[in-house]
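**Q** This structure is in C-alpha cells; I'll ask about it shortly.
The values are calculated or read from the model by the stated rules, or taken from the named source; none is laboratory data. Fair warning: this is a prediction, and the values are worked out from it, not measured in the lab. Heads up, the Cβs are rebuilt from the backbone with ideal geometry, glycines too, and the neighbour counts pull from every protein chain shown. Heavy atoms of the whole protein, side chains included, go into the accessibility calculation; ligands, DNA and RNA do not. Shrake-Rupley method; radii C 1.70, N 1.55, O 1.52, S 1.80 Å.
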Amino acid sequence: MAEARRLRGHKATATCCIASRDRPGLVATSGEDGCICWFDMRCKDVVLTMDLGVNPISSLCFKPGNEDIIYVSSGLEVKCFDVHLADAWKPLESYNYNKEEINQIACNSKSSFLASADDDGDVKIIDIRQKCLYKTLRAGHTSICSSVQFLPWRPWEVITGGLDSKLVMWDFSKGRPYKIVDFGMPDMENSSSAGQCLNPAFVHAIAVPEVDMLEKSGKICVVARGDGVVDVINIESELAAAQSKTSLKPQKGSKSKSKGSVSTVAETLNQNGRKRLHLDYSLGGHTASVSCV
C-alpha cells in the first residue's frame, strides 16, 4: 500500500477540504489560521495561499459551474471570492444573516441558493442571485446544526444533520421540516452498536450524490455519526414512508395528527419494512451490518 501523502500549508488546525470537479487533482483546504490553501496533486507543495485574516475559516464550497468563485464561512459571516483576483482578496459579496457561528455552507447545483448551518440549530437559505435572505429554517434541530446539503434531484429541498442526533429533511420554499430521522432513539432491532453506547449518535457529516452520479449511486444520503456508525439512507423510501404515514386515515376513536406535523423515524420503522445500510465497524475488522428497519 502506498504511503499516505501529507498536504502541508496550514499553520493551525485544518477545518475543511473540498475537491474540484472541473479540475481533477485540485484540492482547496481551510484552517483556523484564516487561510485557504490550494493543492495540485501533481505538485509537491501548496500552489496558492489565500490569507483572509486571523479569523478561523469553518467551511468552503465552490460555486457550481464556475469554480473560480468560492464561498467561505468564518464566524457569523459568509464571503464570496474570485480566486483570480489575488491582489487584495477583497470579497465580491458578504452575507451576515446567521446569529451564531456557522459550521457548514453548501451551494445548490443551479448556483441560485446557498445554505449556512449554525450553532443555534438554524439554517439560513440565501438567494445568491438576488443577494438576499430567502428563508430561515428553524425548529428542526434542538442543538447545533453541524451539516447541510441540498438534494440535487429535489430543487426545493435540503437535508441537515445536528448534534441532537437528528437528520432533518426540509422543504425550504415553505421553510419547514417534513421528515425527521432521530438516531438518538433506541433501536431494539439493532444491537450492533453496543460497544459505542457511550458515544452519542451525533450527526457530524452528511453527503449526497451529485446530479451526474444519481444513476450509479441512487438517491441516497450518507450519514457519519458520533457513535462510529455510517448510515446509507434511501431518501426516496424515507419520503414515501413519510407521505404514506401522513395520508393514512386515523382509526375510529384515535387522535389525528395536527396539520403540518412532522413524521419521525420511530413512527415508521417497523410497519414499512424499509432497508437501510448500516455500517458499524465497532465489532472489529471490516464487518458491516445491514439493518432492516
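**Q** Could you give me the ³J(HN,Hα) list for segment 39-54, computed from phi with Karplus coefficients 6.51, -1.76, 1.60 and θ = phi - 60°, whole Hz, x at Gly and Pro?
**A** Once θ is set to phi - 60°, the couplings for segment 39-54 become 10, 10, 4, 7, 10, 7, 10, 4, 9, 7, 10, 9, 8, 9, x, 9 Hz.
**Q** Students often get this wrong, so check it: of K79/K99; K99/K135; K63/K110; K110/K135; K79/K179, which have C-alpha atoms separated by over 20 Å?
**A** The answer is K79/K179.
**Q** Same structure, new question: Which value, in Å² rounded to 10, gives the accessible area of H84 with a 1.4 Å probe and all protein chains present?
**A** Surface accessible to solvent at H84 totals approximately 130 Å².
**Q** Sticking with this one: Taking the convex hull of the Cα atoms, report for segment 1-146 its projected area averaged over all directions, in nm².
**A** 9.9
**Q** Starting from the Kirkwood Rh over alpha-carbon pairs, what translational D in µm² s⁻¹ does segment 65-217 have by Stokes-Einstein at 10 °C and 1.306 mPa s?
**A** The diffusion coefficient I find is 96 µm²/s.
**Q** Sorted by average packing, counted as other Cβ atoms within 10 angstrom per residue and highest first, what order do 155-161, 15-21, 169-175 take?
**A** Ranked by mean Cβ neighbours within 10 Å, highest first: 155-161, 169-175, 15-21.
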